[in-house]
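See structure below.
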Amino acid sequence: MSLEKIIEEKIQKAINSGEFNNLKGAGKPLNFDEYFNAPADLRAGLTLLKNNDFVPQEVELLREIDELKEKIKTCADERERNALNKTLNEKSLALALMLERSKRKR
């Protein structure tokens, strides 16, 4: 049996069992602008990271900082608010240090 035939059978089996139902981005047009705007030598790596929902640590810290700010806005307990502010300050400092190190590397 040829490799193409084996692959086709596996794909058909996956289709029949519904493995391709509800895929992320289903029904939306593909946009390759971002892909082709990336340098050719980085495309494969960037695609791998993106497809596995990897985000840089700086981006993750920004998300956490935003979440902390929202929690602080709605927090009624003063002790808890103080703890949240302390955590916010620590994460903000960590982000500032990361960004400063990044600048120096350039």
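I need every pair where a residue in the range 43-70 that is over 11 Å from Leu88 (Cα atoms) has its Cβ under 6 Å from the Cβ of a residue that is among the aliphatic types (A, V, I, L, M) and assigned to a helix (DSSP H, G or I), sequence separation at least 6 or different chains. Pairs that qualify, where the first residue is over 11 Å from Leu88 (Cα atoms) and the partner is among the aliphatic types (A, V, I, L, M) and assigned to a helix (DSSP H, G or I), are Glu58/Met98.
Any residue at all in the range 71-78 that is at pLDDT below 90 and surrounded by fewer than 10 Cβ atoms within 10 Å (Cβ to Cβ)?
The initial filter retains those residues of the range 71-78 that are at pLDDT below 90, namely none.
Within the range 71-78 (the criterion being at pLDDT below 90 and surrounded by fewer than 10 Cβ atoms within 10 Å (Cβ to Cβ)), the answer is no, since none of the residues qualifies.
Within the range 1-29, which residues are surrounded by 10 or more Cβ atoms within 10 Å (Cβ to Cβ) and of a type in the set (A, V, I, L, M, F, W, C)?
Ile6, Ile7, Ile11, Ala14, Ile15, Phe20
In the range 20-63, of all residues being under 16 Å from the mean Cα position of the chain (by Cα) and polar (S, T, N, Q), the one that is nearest to Met98 (Cα to Cα) corresponds to Gln57.
The values are calculated or read from the model by the stated rules, or taken from the named source; none is laboratory data. This one's a predicted model, so the numbers in the text were calculated from it and none came from an experiment. Glycine also receives a Cβ, built like all others from the backbone with ideal geometry; neighbour counts cover every protein chain displayed.
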